[in-house]
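What follows is a short report on a single structure.
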Amino acid sequence: MRELKRLFLLTGLLALAACSHQPLQSTQPPEQVRAKVLRLLPPSASDRQGWAADIQTAFTTQSLDPSSQNLCSVIAVIEQESNFQADPPVPGLGRIARDEIDRRAARLHVPGFLVDAALSIQSPTGKSYAQRIASVHSERELSAVFDDFIGIVPLGKQLFGTLNPVHTAGPMQVSVAFAESNARGYPYRVQDSIRHEVFSRRGGVYFGTAHLLGYPTHYPEPLYRFADFNAGHYASRNAAFQAALNRLVKMRLALDGDVINYGSIAPGQTELAVRSLGKRLGMSNADIRAALDKGEQLDFEDTRVYQRVFELADQVAGQPVPRAILPGITLESPKITRHLTTAWFARRVDERRARCMTRD
C-alpha cells in the first residue's frame, strides 16, 4: 500500500512538472510576434503598434516563448495595472505623498513647521516642492519631485535617506529595485537612469515581463505566476509549503510565502516550525536554514526540507497536498483605499488572461 502511494505521488509530481509553464526560447520572427500581439491586445488599448513593438522586444531579447498563454499573461498584467497607460494617473496622489511625508516626519519627531518650511523652498522647476507635490498625477511626476527634494533639501535626506520612496513604476507597476538589479541585457539606450526607464512604456514592459516570466516554475497554471508577480517569486509555492507545515505542527503559520525572516539571522515562524520537525527530518538547524535560504529559487524543491515536509504532509492527508496555493496576503499601500489581497489580484489578472486567449 505504501509503495502504491509513493507511485501515485511520483506520477502526480511528474504530471505537474510536465504541465508547468516554462518560458522557452522562440524562433518566431519579430514581425510575426508583433502581429500576434496586435490580435491579442484588448480593443481599448491605444497606440497598438507601439505596445506590440515593446512587448515583442521584451520577449525576443529575453528569449521568452511568445505563446498565446505567455503573451496574454503580460497583456493581462498591463491591463490590470495601468489599462494600457504608460504613466498611469493615481487619484489623490499629491495628498497621499504629503501624508507620507508627514508620517515620516512624525516618526522622526520633526516639527510640522520645519516640514512646511522645507516644502516651501523653490525647486529647480521654479515652483515650491509643496506646489509640485500637490499637482502630481502620476508616480513618474512624484518620483521626479522626490529626486529633487532628496538631492537638494537637507530635510529630504533626513526623511528618506538616499532612497526615493516611489518603489513601483510604469505600466506593469514593476519594482524599481528589481529593474535596477536586472538591468544587464536591457536592449534600449538608458535615458538618465534605470529608474527613469521603468517609468517609460518600453522599460516598464521589459522589466515587468522579466519579473512575470523570467524565472522557471513548476506551476500547473498561470494563476500562481500572477500571485508571485504581486507577492514575490515563488510566493505561491512557498505558501503551499507553509500550508503543508500547518498539517504537521501545532503553530498556525501565515501563508505569506516568506520561508525565512529576510534581512535577519533570527529565525522566523516558518523556520521555527521546520526546526520543530528536525528529528523527523533528520536535519540540524544549520542544515534547515541552508535549505530555507533557497526559498527564492527553484532549487528549494530539491532540498531535503522541501521534499520531506511534503512527504509527511501527504501521509497525514492521505493524498498529495497542493504544491502551489494563492498566498494569504492583504495588500497595503497608501494608494489602496479598500481591502484587497494577493489572491484577489491574481484572480483578476487571470480573468483578463482568459479573455485575451479568446481573441487569438
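The values are calculated or read from the model by the stated rules, or taken from the named source; none is laboratory data. Quick caveat: nothing in here was measured; it's all calculated off a predicted structure. Cβ atoms come from the backbone with ideal geometry, glycine included; neighbour counts cover every protein chain shown.
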May I ask you to say which residue of Asp228, Asp314 is surrounded by fewer than 23 Cβ atoms within 10 Å (Cβ to Cβ) and assigned to a helix (DSSP H, G or I)? Asp314
One residue from Tyr186, Tyr206 being part of a loop (DSSP other than H, G, I, E, B), at pLDDT 95 or above and more than 26 Å from Val305 (Cα to Cα): Tyr186
Quick one: Ser73 ticks every box in (1) over 25 Å from the mean Cα position of the chain (by Cα); (2) modelled with pLDDT of 95 or more except a single one, so which number is it? (1)
Given the conditions (1) crowded, with 22+ Cβ neighbours inside 10 Å; (2) in contact with a Pro (Cβ under 9 Å, 6 or more places away or on another chain); (3) touching a residue at least 40 places away in the same chain (Cβ under 8 Å), report the number of the one that Leu245 does not fulfil. (2)
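Scan the range 244-256 for residues that are at pLDDT 90 or above and in a loop (DSSP other than H, G, I, E, B) and report the count. Spell out how you get there, then give the answer.
Restricting attention to the range 244-256, the residues satisfying the condition of being at pLDDT 90 or above are 244-249, 252-256.
Applying the additional criterion that residues be in a loop (DSSP other than H, G, I, E, B) yields 247-249, 252-256.
Residues flagged as at pLDDT 90 or above and in a loop (DSSP other than H, G, I, E, B) within the range 244-256 amount to 8.
Looking at the range 281-298, can you tell me whether even one residue there is of a type in the set (Lys, Arg) and under 24 Å from Arg225 (Cβ atoms)? Spell out how you get there, then give the answer.
At the first step, the residues of the range 281-298 found to be of a type in the set (Lys, Arg) are 289, 294.
Then keep just the ones that are under 24 Å from Arg225 (Cβ atoms); that gives 294.
Yes, the range 281-298 has at least one match.
From the list Val259, Val274, pick out the single residue that is surrounded by 17 or more Cβ atoms within 10 Å (Cβ to Cβ) and not in a loop (DSSP other than H, G, I, E, B).
Working: Val259 fails: not in a loop (DSSP other than H, G, I, E, B).
Matching residue, one of Val259, Val274: Val274.
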Failed condition for Ala286, given (1) surrounded by 17 or more Cβ atoms within 10 Å (Cβ to Cβ); (2) part of a helix (DSSP H, G or I): (1)
